[in-house]
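Everything on this sheet refers to the single structure shown next.
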Amino acid sequence: MQELNALDAAVGDGDHGSTLVRGLARAATAADGKRAKAFMRASGGASGTLFGLVLHEIERHLDDGDDLAKGLERACARICDLGEVRPGDKSLVDALAPAAGALADGKSFAEAVSAAEAGRDETRDMRAKCGRAQHVEGGGVGHLDPGAVSLVLILGTLARESVS
Amino acid sequence: MKKLFNDPATMVDDMIDGFVIACPHVRRGALDPRIVVRQRNRKDPDELVTLLIGNGSGHEPIAMGFVGQGVLDANVVGDVFAAPSADLILDGIREVNGAAGTILLISRHSGDVINGRAATMLAEEEGMKVVPLLMYDDISAAPPERRADRRGAPGTMFIYKILGAAAEAGWPLERLTRLGEDVRERTVTLAAAVSPGISPLTGQPMFSLPDDEIYLGMGVHGEPGMGRVKTGPVRNLVEEMIRRLLDDRPIAAGGQAAVIVNGMGGTTIMELLTVWAETVKSLAACNVRAVAPMIGSFVTTQETGGFSISLFEPDDEMLRLWCAPSDTPAFPKIELSDECPA
């Protein structure tokens, strides 16, 4: 949590880790089928909604066996639409889109996580075109996007839990 | 600054408690206590289109005060000045949705837009028929060629009321949506603020302004607009505001404008009636007739001093719907005011 807050402090308002943890803690105690929505409620704000859409698809995959590739693609399209963001803008989409693309190409989940990690690392040199970071001096160049970092953490956890 | 609350953590729920006990028009939602649902003369949602909106609290009586016959079917109440979350808005849609469909009104502010549209996506995924209708009217937020970038201001109340009356009369979803877009294109609003409200969260003034200056074009949360003007007789200020409104969206000579004079919470009825009288004169000087006014403090920001003027050029049917009777805790009866000088 502190690491994510520190990353966010460099490019935003420094609460990304706390916001996610608050949402995830509530989601962990919510009833089946209501975890993503509990996350949205507890974390609040636009990031709560956008990450909630990713968790909503993961929840459908885990609970109902819905296709994860299609789900992540749908979440990615929705986030781009709602957040008015595209790949390359320095956001969670830069990690999510490659992962969704890898799964759609029939690659394994481990490979999808690797694609997300590569996308995350590319955000370091990107200049932000969305969110608070675009107003930071230098557009956040030299810093990883905290949303991309936390998205990789979420997908990495899912990969570990799915294997074990 | 002294405020009369128990605890910041419960202030919104304490307020809703008071509201639902006082008003037989409404009850709390079954799915969540932050949803206020129409109770008296409820619609059959399979027959008639339902309308709802989600918004941050702190602006009362809007929007929960407009839940009732002829206006809204539900209001989703967020924290102070914060949009309700997407899942809460989704619960609000579930409360009122039926086969006739639902219009989710969204006043264009970033959190409301993202969460409202996300809620619409989740509702559609569950098989509900929902149309999000973005509302914007504040001319200080963007020039006319970028109308769609404007934020929602008190002129959105024309949409609430006209769609509410038309939905009650049985208009179908697609026709209502077009009507709402048409009303939106005919509406412009400009605000003038004289003194800051105090945030109930921080206890601090929400902006600062010298005693002899008025801020033109401020948003409902104190967002910046067109800049400062000096104080003087309110006649001069209203003339300037009407000039800017008619420059932005002209009304042909001999035309008419329905008017909302909205107080921001700390402005007296004496002042608002004076503003209305000057509005009638300024419009008459441009050969535009002011009709069917709504005058009072409906979209407030705590005790902010100031007001906005909204102009809406209606066709005959829109004007009839604007003046149609309604039965809600806070929406006033709109009279044609046919004694207005032409």
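The values are calculated or read from the model by the stated rules, or taken from the named source; none is laboratory data. Predicted model, so just to flag it, every value in this text is computed and none were measured. All Cβ positions, even for glycine, are placed from backbone atoms using ideal geometry, and neighbour counts span all protein chains on display.
Give B:ALA99, B:ALA30 a once-over and let me know the one that is free of Cβ contacts under 8 Å to residues at least 60 places away in the same chain, at negative phi and not in a strand (DSSP E or B). Exactly one residue qualifies, and that residue is B:ALA99. Taking the range B:107-153 only, how many residues are farther than 18 Å from A:GLY52 by Cβ and within 14 Å of chain A (Cβ to nearest Cβ)? Total meeting the criteria: 5. Inside the range B:128-165, can you point out the residues that are over 30 Å from B:ARG244 (Cα atoms) and surrounded by fewer than 21 Cβ atoms within 10 Å (Cβ to Cβ)? If the condition is that a residue be over 30 Å from B:ARG244 (Cα atoms) and surrounded by fewer than 21 Cβ atoms within 10 Å (Cβ to Cβ), then B:MET128, B:LYS129, B:VAL131 are the ones that fit. Of the residues A:ARG132, A:ARG78, A:ARG74, the single one that is within 14 Å of chain B (Cβ to nearest Cβ), of a type in the set (D, E, K, R) and in contact (Cβ under 8 Å) with a residue 40 or more places away in the chain is A:ARG132. Restricting attention to the range B:174-205, the residues that are in contact with a strand residue (DSSP E or B) (Cβ under 9 Å, 6 or more places away or on another chain) and either surrounded by fewer than 18 Cβ atoms within 10 Å (Cβ to Cβ) or free of Cβ contacts under 8 Å to residues at least 12 places away in the same chain (or both) add up to 5.
For the range B:78-91, filtered to residues that are assigned to a loop (DSSP other than H, G, I, E, B) and surrounded by fewer than 24 Cβ atoms within 10 Å (Cβ to Cβ), the residue that is farthest from the other protein chains (Cβ to nearest Cβ) is B:PHE81. Checked against (1) touching a residue at least 60 places away in the same chain (Cβ under 8 Å); (2) in a loop (DSSP other than H, G, I, E, B), B:ARG42 meets all criteria but (1). Scanning the range A:49-58 turns up at least one residue that is surrounded by fewer than 22 Cβ atoms within 10 Å (Cβ to Cβ), outside any loop (DSSP other than H, G, I, E, B) and away from chain B (no Cβ under 12 Å).
The sole residue among B:GLY54, B:GLY111, B:GLY29 that is of a type in the set (Gly, Ala, Ser) and at pLDDT below 95 is B:GLY111.
Based on this model, can you work out whether B:ASP137 counts as in contact with a strand residue (DSSP E or B) (Cβ under 7 Å, 6 or more places away or on another chain), over 25 Å from B:ASN262 (Cα atoms) and either in contact (Cβ under 8 Å) with a residue 12 or more places away in the chain or of a type in the set (Ser, Thr, Tyr) (or both)? Answer is no for this residue. Just so you know, in the range B:62-77 the residues that are touching a Gly at 6+ places or on another chain (Cβ under 6 Å) and without any contact (Cβ under 8 Å) to a residue 60 or more places away in the chain include one that is nearest to the other protein chains (Cβ to nearest Cβ), and it is B:VAL76. Restricting attention to the range B:244-258, does a residue exist that is among the polar types (S, T, N, Q), outside any helix (DSSP H, G or I) and in contact with a Gly (Cβ under 9 Å, 6 or more places away or on another chain)? Checking the range B:244-258: not a single residue is among the polar types (S, T, N, Q), outside any helix (DSSP H, G or I) and in contact with a Gly (Cβ under 9 Å, 6 or more places away or on another chain).
Selection of the range B:92-103 for residues being under 22 Å from the mean Cα position of the chain (by Cα) and within 14 Å of chain A (Cβ to nearest Cβ) yields B:GLY92, B:ILE93.
May I ask you to verify whether A:ARG127 is surrounded by fewer than 21 Cβ atoms within 10 Å (Cβ to Cβ) and touching a residue at least 60 places away in the same chain (Cβ under 8 Å)?
Working: surrounded by fewer than 21 Cβ atoms within 10 Å (Cβ to Cβ): yes; touching a residue at least 60 places away in the same chain (Cβ under 8 Å): no.
When the stated conditions are applied, A:ARG127 does not pass them.
If you check A:VAL93, A:VAL11, which single one turns out to be β-branched (Val, Ile, Thr), in contact with a His (Cβ under 6 Å, 6 or more places away or on another chain) and away from chain B (no Cβ under 14 Å)?
Step by step, each of A:VAL93, A:VAL11 is checked, and only A:VAL11 is β-branched (Val, Ile, Thr), in contact with a His (Cβ under 6 Å, 6 or more places away or on another chain) and away from chain B (no Cβ under 14 Å).
When you scan the range B:249-267, do you find a residue that is within 20 Å of B:ALA141 (Cα to Cα), surrounded by fewer than 17 Cβ atoms within 10 Å (Cβ to Cβ) and in the same structural domain as B:VAL220 (by TED's automatic domain parsing), even just one? Checked the range B:249-267: at least one residue is within 20 Å of B:ALA141 (Cα to Cα), surrounded by fewer than 17 Cβ atoms within 10 Å (Cβ to Cβ) and in the same structural domain as B:VAL220 (by TED's automatic domain parsing).
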